[in-house]
Amino acid sequence: MTDHNDPMAEIKASFFIECEELLESLQDGLQEMDEGSEDPETINVVFRAVHSIKGGAGAFGLEELVRFAHRYETVLDEVRAHRLEADSEAHKLFFAAADHLSDLVRASRDDLPMPVAESDRLLTSLEALLGDVSDEEVRPEDFEPLGVSLTLDLPDLGDLSDVEEAPEAEEPPADSWIVRFKPEAELFDTGNEPQMLIRNLCALGEATVTCDLTDLPPLESLAPETPYLSWTITLQSTCDEAEIREVFEFVDGLCELSIQRPGAALESESLPPLGPSVTAEIARPPEPTAAPTAATDPAPEPPEPAAAAAPPFPDDTAEAAPRKSKDGGAKSVVRVDLERIERLVNLVGELVINQAMLSQSLGEAGLSPHSDAMNGLEEFQRLTRDIQDSVMMIRAQPVKSLFQRMSRIVRESSAAVKKDVRLITEGESTEVDKTVIERLADPLTHMIRNSVDHGLESPEDRGKAGKPPQGTVHLTAAHRSGRVVIEVSDDGGGIDRKKVHQVAITKGLVPPDLPLSDNEIDNLLFLPGFSTASQVSSLSGRGVGMDVVKTSIQSLGGRISIHSERGRGTTFSISLPLTLAVLDGMVVNVAGETLVLPLNVVVETLSLGPEDVQMLRPGAFVVRVRGGFVPLYDLGVMLGYRPARDRHEGAIVLLISLDDGSRAALVIDAIHDQRQVVIKGLDDSFYRAPGIAAATILGDGQIALILDPADIIAAEGPLRGAELALTQGV
Amino acid sequence: MSLTVLAVDDSRTMRDMIRMALLPAGFTVHVAEDGVDGLEVLDGIEPDAIITDINMPRMDGFGFIDAVRAQERRRGVPILVLTTESAPEMKMRARNAGATGWIVKPFDPTKLVKALQMVAG
């Protein structure tokens, strides 16, 4: 995904992944706040999420992201500090800002134009919350790389001694400073070192450093933690006093410090180097006395320049450190290339096939079920299943991120149609295959919009119906019998079946005199071109109907169903396979070929009697199914395995449900089995035959093609259309 | 000069950035995700310097610095605070806790290296 040669690009990519995680916790936190959480950690989490995004964004120069995050964070900080009481209106704004932040993150990631105007609009509203506080709005310039409060461009230590020797004949007073510095014991508690400070100071110009050893006691009375030395530094530099103070910023209050112009210094103080002093000897570490390690050192030595500077931690530290692999993000998560997982999934697929083949040949060898080989095989089968499940779980991800996107959809769509809607999510930790999650976003978005727009009544109508003005949309996910069930339900008015039926008749989707059950009427919503909204709203009326939702769900091997109660609401249920790597298939025989059909499209199986089939014209048949007619297709003919036949009595027929809600009957010769098969994609080098979706390897080692019935029938083309309309009218 | 550095930051991106800045300079870099984690990692290493963020879950930078300084043998380890905070009162708090220096994010990698070499060198 990234250029592996550019570590910066990799870190940037990983930053955006981290952003997604942070945005997720931001959403969670805001949700908790909105639900009235009193836990101070909640606002901390919210604040930190925005803060961390800002921090990373700054590192990559993503200015707009930094600008927005910073000012958003400033407002959140006020809440954190209890200076701002956030009400539900403020929460709404926080949510909107979080949404916008996520837009900015994505725009930054994808190099899209920044929605600056929207940033400004939101920031204005956000900062309005602060009232007067907003006056001291912090500018983004604050986040220019400030570098370090330690000044870093130092001359080498070697340079220091040169400096000292440097001719200092004239000292134009305006260009020089005399700095006196005497550390106190506390200075060492912060890990600071006079040496470091003096070096920093020297970096400001040419310096002469004199160390005052006057206070140094004899060795036997030397207290290791007491600093005895002080320094006088004559600095030739055009810098101002503030720059010098900056050097000592972190030791302010931890040392005696005086900064003066030479003239003033002489007058005001008579503390020029007295007694023994070491000039510029600081080039070698000067300050052994108070080094913290001295405490552990039985024989603290007086300033014996070179050695005594013993750094707090001796050289052996690097090796001494056990290489405790505490890498970033290593806590409980390992990031793995998707490719590697795919490879593992494929290998496990092979293993499953291999196991099936082994079972079959051992079974055929007529071994006793109690033999060691058969017992071993049983164990092998169990392990294979476990491995398969575990590997599939690697690809699984919680639906949480998907659900969070939906909460945004609810916020935006409810605002667009002026309804007050609350989204309640359940089962966010339910895990589903990554690909399924990705491909579920669009259909789910449409369903949620649909619920908000069509499902829920207007606040007035809700009032009349004796319901609370705020509508509720429930979004739930759960594992049920080896599949994932995702439900979107609203507490709206339910489906107006009379109206739906009427619309379907008017649009010619169903014959006027055909009696339909409630369930059948509800399912009319999934027909292409169906739309009940009498007026096209800004939300759902985009030419995308529930039929598209249904198609998307089916392409994932899923099913969608609808349940509605007048006055109480509507529930859409999506049932999905846990993975796209295995398929519940029906193994059938057609003209001597073994084929696999996805089980989820098979509605029922029939055995044809003499009266069941009617010929429309040679080669075009329909089959009577419970009073209706369904077009009949001979799979053997369609796949080119055999010539067309005129009679189908006794044939086995699979009644399948097509994506558009219509049905078709497929003639096959025999049903072998229903079983899970491992989906093997067909290489691109194969000719792409219509109707062939993939392949699998069966237990006996035989390769079988997996069919896509809808595709086969679509390829048949001309048969449908007018003739089908005719059959429906029969 | 090869230094061993412990970097404590809850942002993976920051940890990566720090690592990227320091590894080419020949530093040995250990990382931790927050104060609690930092103390745990510190247990097994002898860093020449520590870099820490302030805003972190579980134990923030102030608490972490406090805890490090409370260990007798860690009293002299230079600790640089690396954060987006630049308010004087925050700096004061950090210093009172025992921080050695302050670097404001975003940081310049070469400056970070120099700063570390200076405080720990």
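The values are calculated or read from the model by the stated rules, or taken from the named source; none is laboratory data. For clarity, every value in this text was computed on a predicted model and none was experimentally measured. With ideal geometry, Cβ positions are generated from the backbone for all residues, glycine too; neighbour counts draw on all protein chains shown. The protein model used for the area step is the full one, side chains on, heavy atoms only, and it has no ligands, DNA or RNA in it. Shrake-Rupley method; radii C 1.70, N 1.55, O 1.52, S 1.80 Å.
Which condition does residue A:41 not pass, out of (1) part of a helix (DSSP H, G or I); (2) in contact with a Leu (Cβ under 7 Å, 6 or more places away or on another chain); (3) open to solvent by 20 Å² or more (accessible area, probe 1.4 Å), if it passes all the others?
With respect to (1) part of a helix (DSSP H, G or I); (2) in contact with a Leu (Cβ under 7 Å, 6 or more places away or on another chain); (3) open to solvent by 20 Å² or more (accessible area, probe 1.4 Å), residue A:41 is out only on (2).
Check A:105, A:79 and return the single one that is part of a helix (DSSP H, G or I), at pLDDT below 90 and in contact with a helix residue (DSSP H, G or I) (Cβ under 7 Å, 6 or more places away or on another chain). Lay out the reasoning, then the answer.
Details: A:105 fails: at pLDDT below 90.
Selected residue: A:79, the only one of A:105, A:79 that is part of a helix (DSSP H, G or I), at pLDDT below 90 and in contact with a helix residue (DSSP H, G or I) (Cβ under 7 Å, 6 or more places away or on another chain).
Return the residue satisfying two criteria in turn: it lies in segment B:5-45 and is in contact with a His (Cβ under 7 Å, 6 or more places away or on another chain) and facing chain A (nearest Cβ under 7 Å), and of such residues it is farthest from residue A:61 (Cα to Cα).
Here the answer is B:45.
Quick one: in segment A:675-722, which of the residues that are part of a strand (DSSP E or B), modelled with pLDDT under 80 and closer than 15 Å to residue A:597 by Cβ is farthest from the chain's Cα centre (by Cα)? Break it down stepwise before answering.
As a first pass, look at segment A:675-722 and keep what is part of a strand (DSSP E or B): A:675-678, A:680, A:692-697, A:703-707.
Applying the additional criterion that residues be modelled with pLDDT under 80 yields A:675-676, A:678, A:680, A:693.
Still in the running and closer than 15 Å to residue A:597 by Cβ: A:675-676, A:693.
Numbers: A:675: 34, A:676: 31, A:693: 30 Å.
This residue is A:675.
Residues that are at pLDDT below 90 and open to solvent by 10 Å² or more (accessible area, probe 1.4 Å): list the helices (runs of 4 or more DSSP H) wholly contained in segment B:1-99 that include at least 3 such residues.
Output list reads B:12-22, B:88-97.
Pick from segment B:100-113 the residues that are under 13 Å from residue B:84 (Cα atoms) and aliphatic (A, V, I, L, M): which of them is surrounded by the fewest Cβ atoms within 10 Å (Cβ to Cβ)?
B:104
Does residue A:469 meet the test of being surrounded by fewer than 18 Cβ atoms within 10 Å (Cβ to Cβ) and outside the structural domain of residue A:20 (by TED's automatic domain parsing)? Full working, then the answer.
Working: surrounded by fewer than 18 Cβ atoms within 10 Å (Cβ to Cβ): yes; outside the structural domain of residue A:20 (by TED's automatic domain parsing): yes.
Against the criterion (surrounded by fewer than 18 Cβ atoms within 10 Å (Cβ to Cβ) and outside the structural domain of residue A:20 (by TED's automatic domain parsing)), residue A:469 qualifies.
Would you say residue A:432 is open to solvent by less than 20 Å² (accessible area, probe 1.4 Å), assigned to a strand (DSSP E or B) and within 20 Å of residue A:572 (Cβ to Cβ)? Steps first, answer last, please.
Numbers: open to solvent by less than 20 Å² (accessible area, probe 1.4 Å): yes; assigned to a strand (DSSP E or B): yes; within 20 Å of residue A:572 (Cβ to Cβ): yes.
For residue A:432, the condition - open to solvent by less than 20 Å² (accessible area, probe 1.4 Å), assigned to a strand (DSSP E or B) and within 20 Å of residue A:572 (Cβ to Cβ) - is met.
Could you count how many residues in segment B:1-20 are aliphatic (A, V, I, L, M) and over 18 Å from residue A:52 (Cβ atoms)?
We begin by selecting, within segment B:1-20, every residue aliphatic (A, V, I, L, M); these are B:1, B:3, B:5-8, B:14, B:17-18, B:20.
Right, trim to over 18 Å from residue A:52 (Cβ atoms) and you get B:1, B:3, B:5-6.
Looking only at that region, the number is 4.
Tally time: how many residues in segment B:28-76 are hydroxyl-bearing (Ser, Thr, Tyr) and over 12 Å from the mean Cα position of the chain (by Cα)? So that I can check it myself, show each step before the final result.
Of the residues in segment B:28-76, the ones hydroxyl-bearing (Ser, Thr, Tyr) are B:28, B:52.
Of the ones still in play, those that are also over 12 Å from the mean Cα position of the chain (by Cα) are B:28.
Adding up the residues that qualify gives 1.
What are the pairs with Cβ atoms under 7 angstrom where one residue, in segment A:391-404, is touching a residue at least 60 places away in the same chain (Cβ under 8 Å) and closer than 17 Å to residue A:473 by Cα and the other, located anywhere, is open to solvent by 50 Å² or more (accessible area, probe 1.4 Å) and among the small types (Gly, Ala, Ser)? Sequence gap at least six, or different chains.
Close Cβ pairs (under 7 Å, with a partner that is open to solvent by 50 Å² or more (accessible area, probe 1.4 Å) and among the small types (Gly, Ala, Ser)) amount to A:400/A:429.
Check whether at least one residue in segment A:660-667 is open to solvent by 60 Å² or more (accessible area, probe 1.4 Å) and either among the polar types (S, T, N, Q) or not assigned by TED's automatic domain parsing to the domain that holds residue A:554 (or both), and report yes or no.
yes
Which one is farthest from the chain's Cα centre (by Cα), of the residues in segment A:341-382 that are within 14 Å of residue A:696 (Cβ to Cβ) and open to solvent by 70 Å² or more (accessible area, probe 1.4 Å)?
If we take residues in segment A:341-382 being within 14 Å of residue A:696 (Cβ to Cβ) and open to solvent by 70 Å² or more (accessible area, probe 1.4 Å), then A:357 is farthest from the chain's Cα centre (by Cα).
From the list A:552, A:607, exactly one residue is modelled with pLDDT of 85 or more and surrounded by fewer than 22 Cβ atoms within 10 Å (Cβ to Cβ). Which is it? First the steps, then the outcome.
Numbers: A:552 fails: modelled with pLDDT of 85 or more.
Checking each option against the conditions leaves just A:607.
Answer yes if at least one residue in segment A:51-70 is within 13 Å of another protein chain (Cβ to nearest Cβ), within 15 Å of residue A:128 (Cα to Cα), surrounded by 23 or more Cβ atoms within 10 Å (Cβ to Cβ) and not hydroxyl-bearing (Ser, Thr, Tyr), and no otherwise.
Among the residues of segment A:51-70, not one is within 13 Å of another protein chain (Cβ to nearest Cβ), within 15 Å of residue A:128 (Cα to Cα), surrounded by 23 or more Cβ atoms within 10 Å (Cβ to Cβ) and not hydroxyl-bearing (Ser, Thr, Tyr), which makes the answer no.
For segment A:107-122, name all the residues that are within 18 Å of residue A:18 (Cβ to Cβ) and either in contact (Cβ under 8 Å) with a residue 24 or more places away in the chain or crowded, with 16+ Cβ neighbours inside 10 Å (or both). Quick ask: steps written out before the conclusion?
Narrowing segment A:107-122 to residues within 18 Å of residue A:18 (Cβ to Cβ): A:107-110.
A:107, A:108, A:109, listed by residue number.
Among all residue pairs at least 6 apart or on different chains, which show Cβ distances below 9 Å where the first residue, located in segment A:453-466, is farther than 12 Å from residue A:420 by Cβ and outside any loop (DSSP other than H, G, I, E, B) and the second is modelled with pLDDT of 90 or more and hydroxyl-bearing (Ser, Thr, Tyr)?
Partner pairs satisfying both residue conditions: A:454/A:570; A:455/A:489; A:455/A:570.
Quick check, is residue A:197 at pLDDT 85 or above, assigned by TED's automatic domain parsing to the domain that holds residue A:251 and under 20 Å from residue A:250 (Cα atoms)? Spell out how you get there, then give the answer.
Values: at pLDDT 85 or above: no; assigned by TED's automatic domain parsing to the domain that holds residue A:251: yes; under 20 Å from residue A:250 (Cα atoms): yes.
So residue A:197 fails the test.
Is it the case that residue A:682 is open to solvent by 20 Å² or more (accessible area, probe 1.4 Å), in contact (Cβ under 8 Å) with a residue 40 or more places away in the chain and among the hydrophobic types (A, V, I, L, M, F, W, C)? Let's see the steps before the verdict.
Values: open to solvent by 20 Å² or more (accessible area, probe 1.4 Å): yes; in contact (Cβ under 8 Å) with a residue 40 or more places away in the chain: no; among the hydrophobic types (A, V, I, L, M, F, W, C): yes.
Spelling it out, it is not the case that residue A:682 is open to solvent by 20 Å² or more (accessible area, probe 1.4 Å), in contact (Cβ under 8 Å) with a residue 40 or more places away in the chain and among the hydrophobic types (A, V, I, L, M, F, W, C).
So, in segment B:74-121, how many residues would count as being farther than 18 Å from residue A:197 by Cβ and facing chain A (nearest Cβ under 7 Å)?
Summing the residues that are farther than 18 Å from residue A:197 by Cβ and facing chain A (nearest Cβ under 7 Å) in segment B:74-121 gives 7.
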